[in-house]
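Novice: Mind looking over this structure? Questions follow.
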Amino acid sequence: MMLKRVILFAVAISLSLTTIAQQSTSDEKIDLRMFWWGSSDRAELTNEALNLFEAKHPNITISQETTGWDGYWQKLGTQVAGGNAPDIMQMDNGFLPEYASRGTLLALDPYIPGPINLEGFDDAIVASGQFDDNHYAVAMGINSQAIIYNKNLFQKANLELPNRDWTWDDFSKLANELSESLGNDIYGTEDLAPAKDWFHVFLRQRGIAFYTEDGTLGFSKQDLVDWFSMWDALRKSGAAPPPTVVGQGAEDSLLVKGRVAMYSDWSNLFSAYQSYTQDVLDIYTYPTGEQGTGQYLQPAVYMSVSSQTEHPEAAAMVIDFLINDPEAARILGTNRGVPPSSQIREQLVPDLDPVDAQIFGYIDLLGEENLVGSTPASPPPGDGQLYDLFTRTSERIAFGQASIEAAADRFFDEAEKIFSGS
Amino acid sequence: MSFSSKKRSRKVTRTPRKSRTATFWHKNGVAYIFLLPWLIGFCALTLGPIISSLYLSFTRFDLFTAPEWIGFGNFIEMFTNDIRYFASLRVTFLYVLISVPLKLIFALLVALVLHRGLRGLALYRAIYYLPSLIGGSVAVAIMWRQIFGGEGFINLALELIGISGPSWISDPKYALSTLIILAVWQFGSPMIIFLAGLTQIPNEYYDAAKVDGAGNLTQLFRITLPLLTPVIFFNLVLGIINSFQAFTPAFIVSGGTGGPIDSTLFYTLYLYQKGFAEFQMGYASAMAWVLLAIIAFFTALTFRSGRSWVFYLGGK
């Protein structure tokens with residue numbers, strides 16, 4: 001009798017448990033991990049946007065990891081190799097081929113157009129997230145290269161930027177004049193020599209592509225020497241700071257500390273710089289070469305999904321939310337670039353805050369006045385490693401450890417190793 | 001012939017092999033069971049990875065795809081074709097050769113002073129020991145980077161006496177020195193060991209020496225130092241082994257680059273870059289084994305030399 005009671009009780013409990021279980025499998029609890037790089041403002045905004053997503057989808061929780069650009073790729077590489085890849089990871093143009101070619105990213109084609117809606121995206125922007133004809137990365141925002149300058153310092157020196165077809169000679173002249181009038185501790189321009197990205201702009205102005213179609217370096221030693229010589233002259237004349245005067249990241253940059261009047265960075269980072277200083281900053285196009293500004297529009301960052309994810313559908317939903325949801329777009333602003341969807345851009349324009357409006361205006365201007373060229377193809381694997389090499393080469397010259405010619409030779413030697421080794 | 005006439009109840013037993021082993025386990029089994037957790041940990045977490053790293057050093061392995069055997073390729077590349085490798089060796093050797101002796105000399109000097117007996121000895125000991133507890137940490141390295149930066153504390157202090165200092169960590173002439181200073185700052189731990197060694201020297205020697213008219217310096221060089229040689233030796237070996245493996249300070253202070261211009265490119269930092277930034281894990285594994293050989297060589301060298309200058313009380 002007692003045994004019968006126990007059995008009946010057990011059956012009743014298990015039946016009720018299965019009905020409860022059946023109810024919850026339809027809103028299956030999903031845990032996603034998302035990893036991106038950026039400074040603290042990006043972390044705050046992304047957190048806010050993701051909280052909004054979680055509110056709209058109570059069964060999905062997203063745990064967030066973030067770090068600076070320095071160290072992001074090592075950390076991501078280790079996680080992916082260890083089988084511990086985040087479900088959603090922020091991706092960059094220079095590393096996309098590396099990751100896509102090794103099968104670590106999920107091909108998103110089955111999830112386009114649902115849930116990832118790419119309507120209203122520029123074709124070139126969509127194409128840039130492809131590798132080998134599959135979609136591996138979705139553009140989060142559009143940016144372009146920009147000169148960021150300190151209006152307060154310009155006023156103090158009583159100088160103005162020339163018109164948009166200014167040349168590098170004009171730039172050098174202006175930088176020297178700024179340095180002279182602003183005094184000892186302030187320089188006309190930050191030393192842009194160590195940055196491979198700005199060298200790329202310089203190359204395009206000469207009609208040269210960074211990479212040829214078969215993935216080898218497309219520029220010559222002379223191009224490199226010209227670039228470094230120009231900056232060497234600026235350093236020697238005091239228009240650019242010596243190599244020991246450097247900043248660290250946006251918050252600690254020379255621009256924000258008021259030590260340089262002109263700077264360069266990607267347009268989407270303009271809001272970060274402005275947020276860290278009381279001075280009024282503004283955004284301008286690059287000095288031109290024979291072929292114009294050399295600038296192009298590109299996705300500032302992408303989002304990719306790990307090929308090892310257990311919830312591809314949910315991850316795709318998050319990505320779609322970040323680019324297509326109007327409220328999310330309002331929260332994220334231009335932090336990852338100008339929203340790539342034209343509908344979203346239209347919706348945002350009336351309520352933009354002044355800084356975001358400046359960035360929108362800049363990107364629109366580039367398109368309207370035809371100041372940008374075509375977006376280059378994805379670089380070959382190994383491109384991401386060139387950043388450090390380029391910086392080292394520039395430092396060698398700046399510290400007087402090698403002549404410009406010798407440093408350029410060594411650059412090509414070490415670059416060859418990077419491309420053959422990877 | 002039968003031996004039955006010598007019927008004894010005593011059996012002649014030869015111990016069969018089997019039960020000797022059984023006795024062994026019977027006696028020591030419990031000990032091994034207690035050791036088992038550590039043994040498993042050692043095999044799985046230390047020995048296993050060491051063996052696979054040895055295997056990987058003969059392969060090309062980019063972390064995502066399967067390793068590909070290339071024989072001695074990595075080692076040949078390392079010794080014949082890699083400029084940065086020799087830069088990293090140079091930087092590391094400089095670091096070891098300067099920071100280890102400096103650190104030990106400092107530790108010894110302070111230990112000698114403290115050994116005289118001061119009021120608040122325990123307090124001083126604690127203060128000097130503290131840096132070596134926290135010194136290897138990321139937080140301290142970040143702080144060090146700030147202190148020696150362009151607008152850091154050191155330069156602020158120098159301004160007070162009218163010197164305008166450069167950004168120490170951004171100048172290839174000085175960057176390595178900041179790391180050496182960081183190492184020497186952690187002299188507390190060898191100092192404690194020296195203090196212990198000092199207290200073990202019997203006072204009779206000093207008394208006898210004073211009676212013979214020996215001054216302080218003579219006592220130092222004829223009694224203290226010779227009797228301290230085992231401790232010096234110990235600290236030296238440990239110091240060499242540890243400083244070859246230094247990583248955290250270089251990584252943090254240079255922002256992971258080993259810069260400026262590879263002036264702080266420690267061997268382990270270059271290894272990290274090769275493995276995790278350039279996805280050449282096979283090469284990085286090969287570097288690790290070469291480092292092991294280098295450290296082993298210098299340790300053996302120290303032991304060899306120790307035979308001539310280390311004096312053990314009580315004979316050897």
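The values are calculated or read from the model by the stated rules, or taken from the named source; none is laboratory data. Source: prediction; values computed, not measured. In this analysis, Cβ positions are derived from the backbone assuming ideal geometry, glycine residues included, and neighbour counts consider all displayed protein chains.
Novice: If you scan the range A:150-183, which residues turn out to be within 30 Å of A:Ile331 (Cβ to Cβ) and either surrounded by 23 or more Cβ atoms within 10 Å (Cβ to Cβ) or β-branched (Val, Ile, Thr) (or both)? Lay out the reasoning, then the answer.
Specialist: Residues of the range A:150-183 that are within 30 Å of A:Ile331 (Cβ to Cβ), as a first pass: A:150-152.
The answer is A:Asn150, and nothing else.
Novice: Residues in the range A:278-290: is at least one of a type outside the set (Val, Ile, Thr) and under 17 Å from A:Arg336 (Cα atoms)? Explain how you work it out, then say what you get.
Specialist: Pass one, the range A:278-290, residues of a type outside the set (Val, Ile, Thr): A:278-279, A:281-282, A:284, A:286-287, A:289-290.
Still in the list and also under 17 Å from A:Arg336 (Cα atoms): none.
Looking for residues that are of a type outside the set (Val, Ile, Thr) and under 17 Å from A:Arg336 (Cα atoms), one finds none in the range A:278-290, hence no.
Novice: Within the range A:35-78, count every residue that is at pLDDT 90 or above and closer than 19 Å to A:Gly103 by Cβ.
Specialist: Going through the range A:35-78 one residue at a time, the tally reaches 2.
Novice: Now a separate question. Quick check: is even one residue across the range B:48-56 within 14 Å of another protein chain (Cβ to nearest Cβ) and free of Cβ contacts under 8 Å to residues at least 60 places away in the same chain?
Specialist: yes
Novice: Let me ask something else. Could you tell me whether any residue of the range B:218-229 is within 14 Å of another protein chain (Cβ to nearest Cβ) and either closer than 23 Å to B:Arg90 by Cβ or in contact (Cβ under 8 Å) with a residue 12 or more places away in the chain (or both)?
Specialist: No, that holds for no residue.
Novice: Does A:Ala300 fit the bill of being touching a residue at least 60 places away in the same chain (Cβ under 8 Å), over 22 Å from A:Ser39 (Cβ atoms) and aliphatic (A, V, I, L, M)?
Specialist: Working: touching a residue at least 60 places away in the same chain (Cβ under 8 Å): yes; over 22 Å from A:Ser39 (Cβ atoms): no; aliphatic (A, V, I, L, M): yes.
No.
Novice: Hey, another quick one. From the set of residues in the range A:393-402 that are free of Cβ contacts under 8 Å to residues at least 12 places away in the same chain and either facing another protein chain (nearest Cβ under 9 Å) or in contact with a helix residue (DSSP H, G or I) (Cβ under 8 Å, 6 or more places away or on another chain) (or both), which is nearest to A:Asp226 (Cα to Cα)?
Specialist: If we take residues in the range A:393-402 being free of Cβ contacts under 8 Å to residues at least 12 places away in the same chain and either facing another protein chain (nearest Cβ under 9 Å) or in contact with a helix residue (DSSP H, G or I) (Cβ under 8 Å, 6 or more places away or on another chain) (or both), then A:Ala402 is nearest to A:Asp226 (Cα to Cα).
Novice: In the set B:Tyr272, B:Tyr283, which member is facing chain A (nearest Cβ under 10 Å), surrounded by fewer than 21 Cβ atoms within 10 Å (Cβ to Cβ), in contact (Cβ under 8 Å) with a residue 12 or more places away in the chain and under 18 Å from A:Thr78 (Cα atoms)?
Specialist: B:Tyr272
Novice: Continuing with this model, one more query. What residue, of B:Gly149, B:Gly215, B:Gly188, B:Gly197, is touching a Pro at 6+ places or on another chain (Cβ under 7 Å) and among the small types (Gly, Ala, Ser)?
Specialist: Unique residue meeting the criteria: B:Gly188.
Yes or no, residue by residue, for (1) in contact with a Lys or Arg (Cβ under 9 Å, 6 or more places away or on another chain); (2) closer than 15 Å to A:Ile148 by Cα; (3) surrounded by fewer than 21 Cβ atoms within 10 Å (Cβ to Cβ):
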site	(1), (2), (3)
A:Ser264	no, yes, yes
A:Asn268	yes, yes, no
A:Tyr273	no, yes, no
A:Tyr284	yes, yes, yes
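Novice: Regarding the range B:250-258, can at least one residue be identified that is touching a Leu at 6+ places or on another chain (Cβ under 9 Å) and surrounded by fewer than 16 Cβ atoms within 10 Å (Cβ to Cβ)?
Specialist: Checked the range B:250-258: no residue is touching a Leu at 6+ places or on another chain (Cβ under 9 Å) and surrounded by fewer than 16 Cβ atoms within 10 Å (Cβ to Cβ).
Novice: Here's another thing I want to ask about it. For the structure I just gave you, tell me whether B:Thr264 is of a type in the set (Val, Ile, Thr) and more than 10 Å from chain A (Cβ to nearest Cβ).
Specialist: So B:Thr264 passes the test.
Novice: Filter the helices (runs of 4 or more DSSP H) completely within the range A:241-338 down to those with at least 3 residues that are more than 15 Å from the chain's Cα centre (by Cα).
Specialist: On the way: elements: A:270-275, A:312-324, A:326-332.
Output list reads A:312-324, A:326-332.
Residues checked against (1) more than 14 Å from chain A (Cβ to nearest Cβ); (2) more than 26 Å from B:Ser263 (Cα to Cα):
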position: B:Phe93; (1), (2): yes, no
position: B:Arg119; (1), (2): yes, yes
position: B:Leu156; (1), (2): yes, no
position: B:Ile169; (1), (2): no, no
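Novice: Could I ask something else about it? Considering only residues that are facing another protein chain (nearest Cβ under 9 Å) and within 20 Å of B:Ser254 (Cβ to Cβ), which ones fall in the range A:403-422?
Specialist: Within the range A:403-422, A:Arg410, A:Glu414, A:Ile418 qualify.
Novice: When the residues of the range B:130-164 are filtered to those that are surrounded by fewer than 18 Cβ atoms within 10 Å (Cβ to Cβ) and in a loop (DSSP other than H, G, I, E, B), which remaining residue is nearest to the chain's Cα centre (by Cα)?
Specialist: Here the answer is B:Gly136.
Novice: A further question on this structure: Got a sec? Which of A:Gly183, A:Gly215, A:Gly249, A:Gly207 is within 14 Å of chain B (Cβ to nearest Cβ), at positive phi and not acidic (Asp, Glu)?
Specialist: Result of the check over A:Gly183, A:Gly215, A:Gly249, A:Gly207: A:Gly249.
Novice: As an exercise: evaluate B:Phe244 against (1) of a type in the set (Phe, Trp, Tyr); (2) surrounded by 17 or more Cβ atoms within 10 Å (Cβ to Cβ); (3) within 14 Å of another protein chain (Cβ to nearest Cβ) and give the number of the one condition it does not meet.
Specialist: It is condition (3) that B:Phe244 fails.
Novice: Hey, another quick one. Answer with yes or no whether A:Arg164 is touching a strand residue (DSSP E or B) at 6+ places or on another chain (Cβ under 7 Å), more than 30 Å from B:Pro172 (Cα to Cα) and of a type in the set (D, E, K, R).
Specialist: No.
Novice: Continuing with the same structure: Could you say whether any residue in the range A:137-147 is under 20 Å from the mean Cα position of the chain (by Cα), touching a residue at least 40 places away in the same chain (Cβ under 8 Å) and over 21 Å from A:Gly384 (Cα atoms)? Can you show your working first?
Specialist: Applying the first criterion (under 20 Å from the mean Cα position of the chain (by Cα)) to the range A:137-147 yields A:137-147.
Applying the additional criterion that residues be touching a residue at least 40 places away in the same chain (Cβ under 8 Å) yields A:137-147.
Now drop any that are not over 21 Å from A:Gly384 (Cα atoms), which leaves A:147.
Scanning the range A:137-147, I find at least one residue that is under 20 Å from the mean Cα position of the chain (by Cα), touching a residue at least 40 places away in the same chain (Cβ under 8 Å) and over 21 Å from A:Gly384 (Cα atoms), so the answer is yes.
Novice: Kindly state which helices (runs of 4 or more DSSP H) lie completely within the range B:35-115 and contain at least 1 residues that are farther than 29 Å from A:Gly83 by Cβ and of a type outside the set (Gly, Ala, Ser).
Specialist: B:73-80, B:83-115
Novice: Also, I was wondering about something else. Does the range A:66-84 contain any residue that is away from every other protein chain (no Cβ under 14 Å), in contact (Cβ under 8 Å) with a residue 40 or more places away in the chain and more than 26 Å from A:Arg345 (Cβ to Cβ)?
Specialist: no
Novice: Could you run through the range A:98-120 and say how many residues are under 24 Å from A:Pro380 (Cα atoms), at pLDDT 85 or above and either acidic (Asp, Glu) or surrounded by 21 or more Cβ atoms within 10 Å (Cβ to Cβ) (or both)?
Specialist: 7
Novice: Moving on to the next point. Of the numbered conditions (1) assigned to a helix (DSSP H, G or I); (2) under 21 Å from A:Thr66 (Cα atoms), A:Glu395 satisfies every one except a single condition; which is it?
Specialist: Of the numbered conditions (1) assigned to a helix (DSSP H, G or I); (2) under 21 Å from A:Thr66 (Cα atoms), the odd one out for A:Glu395 is (2).
Novice: So which residues in the range B:57-83 are facing another protein chain (nearest Cβ under 10 Å) and more than 28 Å from A:Gln308 (Cα to Cα), if there are any at all?
Specialist: Once the filter is applied, which keeps residues that are facing another protein chain (nearest Cβ under 10 Å) and more than 28 Å from A:Gln308 (Cα to Cα), the range B:57-83 yields B:Glu77, B:Asn81, B:Asp82, B:Ile83.
Novice: Hey, can you tell me all the residues within the range A:184-224 that are crowded, with 17+ Cβ neighbours inside 10 Å and in a helix (DSSP H, G or I)?
Specialist: Scanning the range A:184-224 gives A:Lys196, A:Trp198, A:Phe199, A:His200, A:Val201, A:Phe202, A:Leu203, A:Arg204, A:Gln205, A:Asp223, A:Leu224.
Novice: Which one of these is within 17 Å of A:Leu174 (Cα to Cα) and touching a residue at least 12 places away in the same chain (Cβ under 8 Å): A:Ala239, A:Ala316? If you could, list the steps in order and put the result at the bottom.
Specialist: On the way: A:Ala316 fails: within 17 Å of A:Leu174 (Cα to Cα).
That would be A:Ala239, the only listed residue that is within 17 Å of A:Leu174 (Cα to Cα) and touching a residue at least 12 places away in the same chain (Cβ under 8 Å).
Novice: Can I ask one more? Give me the residue from the range B:187-217 that is assigned to a helix (DSSP H, G or I) and free of Cβ contacts under 8 Å to residues at least 12 places away in the same chain and, out of that set, nearest to B:Leu104 (Cα to Cα).
Specialist: My answer is B:Leu217.
Novice: Right, here's the next one. When B:Leu228 is evaluated against the numbered criteria (1) in contact with a Gly (Cβ under 6 Å, 6 or more places away or on another chain); (2) at positive phi, which criterion, by number, is the only one it fails?
Specialist: (2)
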